[in-house]
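For reference, the structure discussed in these notes is given below.
The values are calculated or read from the model by the stated rules, or taken from the named source; none is laboratory data. This one's a predicted model, so the numbers in the text were calculated from it and none came from an experiment. So basically every Cβ, Gly included, is an ideal-geometry build from the backbone, and we count neighbours across all protein chains shown. Each accessible area value is taken on the protein alone, full model and side chains, heavy atoms only, with ligands, DNA and RNA left out. Shrake-Rupley method; radii C 1.70, N 1.55, O 1.52, S 1.80 Å.
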Amino acid sequence: MLMYAASTAGLAAFAQLPSEAEARTRSLQGTPFTLGVASGDPRPDSVVLWTRLAVEPLADDGLGGMPRTPLPVRWELAEDDSMRKVVRSGTATARPELAHAVHVEVEGLLPGREYWYRFSTGGYESPVARTKTAPAPGWATEVAFAWASCQRWEDGFYTAYRDMAAQDLDVIGHLGDYIYEYGIGATGGRRNIPLSPAHNAPTMTLSQYRLRYALTNTDPDLRAARAAAPWFLVPDDHDVEDNWAADQSPTGMTPENFLRRRAAAFRAYFENQPLRPSTLPAGPDTTYYTRLRYGRLATFFAMDERQYRSPLDINARLDPNRTMLGAEQEEWLLDGLGRSHSTWNILANQVQMFQLDRLTDPGLQQLNPDTWDGYAAARDRLWAGIAERRVSNPVVVTGDAHVNCAAELKVGYDDPSSPTVGVEFMGTSITTGGNGSDMTPGGAEWLAANPHLKFFNNQRGYVRCHIAADTLRTDYVVVDRVTAPDGTASVRRSFVVESGRPVLQEV
Ligand code: FE
Ligand code: CA
């Protein structure tokens, strides 16, 4: 039985589709909404709605057991969670070329308000999910934001997402490592769930990346977090391959072969995320970096630190010709920061920004070439540009490192009296690395060797951030264990930053 709300425009669009397409949806053997629904890229008047149809999400070819034909998918957006006051609706086409993903750009919405949405096809309805538009340009009250990174499926359960889904959030950011490219054993690693041999190999082809996203998105806690608020996302290295840089593969693939792999990875990433249709990659290239404005209160700059970076080379870290962002993105970022009228300017950043000496030996720094430490001259250039433009309250939020850190950003890290120019909150992994424990390994040593580092924790979780006109409060949420599905989430540490004073204050 097909159930459609009586929206004239939507019915007209549906009527234009070939009737055999409608008929094909009736042959679906079970719900195609196994991968959930999501929304993304919130603007004051617009949001993207996403789903991907898959009746057998773990079919080995990555195509979800779907017929290889286009299918009509009805979508509705309402002002209420019971879907009675539908204000927008229509029909999108799920095409086999995009693994039956749909990305609907809904326009003409009101700023700063909640909406609920769902999809239907073949007599099946998706769950109802919540989204929220960004506020009007002059608005300056409060934003509740959370971010996540690094969710290696086989390393544990997504309890952190279950906790995130229960929060009242305006927007969620994902800073990369949504999937990992490694092969998964037949018993599903720490999850101990049997998997077919198709999951064993590292992801190289489009089918393999599709299957990995499907496996990830079948997780109920992740589906709940995706259905709870709009997301913005930028991939990091493992979404393609560990520590890649531009066309350089660290495992010795030729640039030509690596770009083929990157194209497959980017395509599957697009198919599985609530990104604007304009983000559909052309081969191995697309523009992920983007800006989200939350009125006069906050602007988020989501940065891409993989596609344009110079090759990894710790010995060349002081070379001013090296780049992390690429010239075009760096100019876009500094220009945007310079023009921003927001009180808080949030740099959503993939890899650790503060200098981190990972050794206790005072005579010898041990820096990670994959982080901004490997691009120290580019980091100095960025912060000189931020100072020159007198950017209001730059706050860096980071993923990638699989540990929680809070640090004060310095003009010069080797001189403790050097002025603090901003703060960085680095969030731990959702699962990657397994349970972990509070201070191991090396937490105390890191804190001692890096005076600007104020907090360290090596558990799994995510970070919440409440942004208000005068203060920004950050809560590090940790999970006691991820190796079982019944972990408990709690706030491990909280910090407050006052506007105009880049100092980490313990709550
Ligand atoms: Fe990671
Ligand atoms: Ca990473």
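Which of the residues belonging to region 228-270 are within 14 Å of ligand 2 (Cβ to nearest atom) and touching a Lys or Arg at 6+ places or on another chain (Cβ under 9 Å)?
Passing the criteria: 234, 235, 236, 237, 238, 239, 240, 241, 244, 245.
Considering only region 419-438, state which residues are open to solvent by less than 10 Å² (accessible area, probe 1.4 Å) and away from ligand 1 (no atom under 16 Å from the Cβ).
422, 423, 424, 425
Please find, within region 491-507, the residue that is modelled with the lowest pLDDT out of those that are closer than 18 Å to residue 427 by Cβ, more than 23 Å from the chain's Cα centre (by Cα) and outside any loop (DSSP other than H, G, I, E, B).
For region 491-507, the residue satisfying everything is 506.
Would you check which residues across region 300-315 are touching a residue at least 12 places away in the same chain (Cβ under 8 Å) and in a helix (DSSP H, G or I) and list them? Spell out the reasoning first.
Applying the first criterion (touching a residue at least 12 places away in the same chain (Cβ under 8 Å)) to region 300-315 yields 300-314.
Scanning region 300-315 gives a single hit, 314.
So, of the residues in region 97-118 that are over 21 Å from residue 278 (Cβ atoms) and free of Cβ contacts under 8 Å to residues at least 60 places away in the same chain, which turns out to be surrounded by the fewest Cβ atoms within 10 Å (Cβ to Cβ)?
Only one residue fits best here, namely 113.
Looking only at region 469-490, how many residues end up being in contact (Cβ under 8 Å) with a residue 24 or more places away in the chain and either buried (at least 17 other Cβ atoms within 10 Å of the Cβ) or in a strand (DSSP E or B) (or both)?
Total satisfying the criteria: 12.
To keep it simple, each residue is scored yes or no on (1) within 16 Å of ligand 1 (Cβ to nearest atom); (2) under 19 Å from residue 143 (Cβ atoms); (3) open to solvent by 10 Å² or more (accessible area, probe 1.4 Å).
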{"position": "342", "(1), (2), (3)": "no, yes, no"}
{"position": "357", "(1), (2), (3)": "no, no, yes"}
{"position": "365", "(1), (2), (3)": "no, no, yes"}
{"position": "376", "(1), (2), (3)": "no, no, no"}
{"position": "389", "(1), (2), (3)": "no, no, yes"}
{"position": "401", "(1), (2), (3)": "yes, no, yes"}
{"position": "410", "(1), (2), (3)": "no, no, yes"}
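Restricting to region 405-422, and then to whatever is under 25 Å from residue 178 (Cα atoms) and more than 16 Å from ligand 2 (Cβ to nearest atom), can you tell me which residue is farthest from the chain's Cα centre (by Cα)?
407
For region 180-221, name all the residues that are among the acidic types (Asp, Glu) and away from ligand 1 (no atom under 15 Å from the Cβ).
If the condition is that a residue be among the acidic types (Asp, Glu) and away from ligand 1 (no atom under 15 Å from the Cβ), then 219, 221 are the ones that fit.
For region 361-404, which residues satisfy the criterion of being in contact with a Leu (Cβ under 6 Å, 6 or more places away or on another chain), closer than 23 Å to residue 475 by Cβ and away from ligand 2 (no atom under 14 Å from the Cβ)?
The one that is in contact with a Leu (Cβ under 6 Å, 6 or more places away or on another chain), closer than 23 Å to residue 475 by Cβ and away from ligand 2 (no atom under 14 Å from the Cβ): 396.
Can you name the residue in region 133-156 that is in the same structural domain as residue 215 (by TED's automatic domain parsing) and acidic (Asp, Glu) and is also farthest from ligand 2 (Cβ to nearest atom) among such residues?
Of everything passing the filter in region 133-156, 154 is farthest from ligand 2 (Cβ to nearest atom).
Taking the residues in region 132-179 that are closer than 12 Å to residue 229 by Cβ, in a loop (DSSP other than H, G, I, E, B) and open to solvent by 30 Å² or more (accessible area, probe 1.4 Å) as candidates, determine which candidate is nearest to ligand 1 (Cβ to nearest atom).
The qualifying residue nearest to ligand 1 (Cβ to nearest atom) is 167.
Could you tell me whether region 190-198 includes any residue that is more than 16 Å from ligand 2 (Cβ to nearest atom) and among the charged types (D, E, K, R)?
yes
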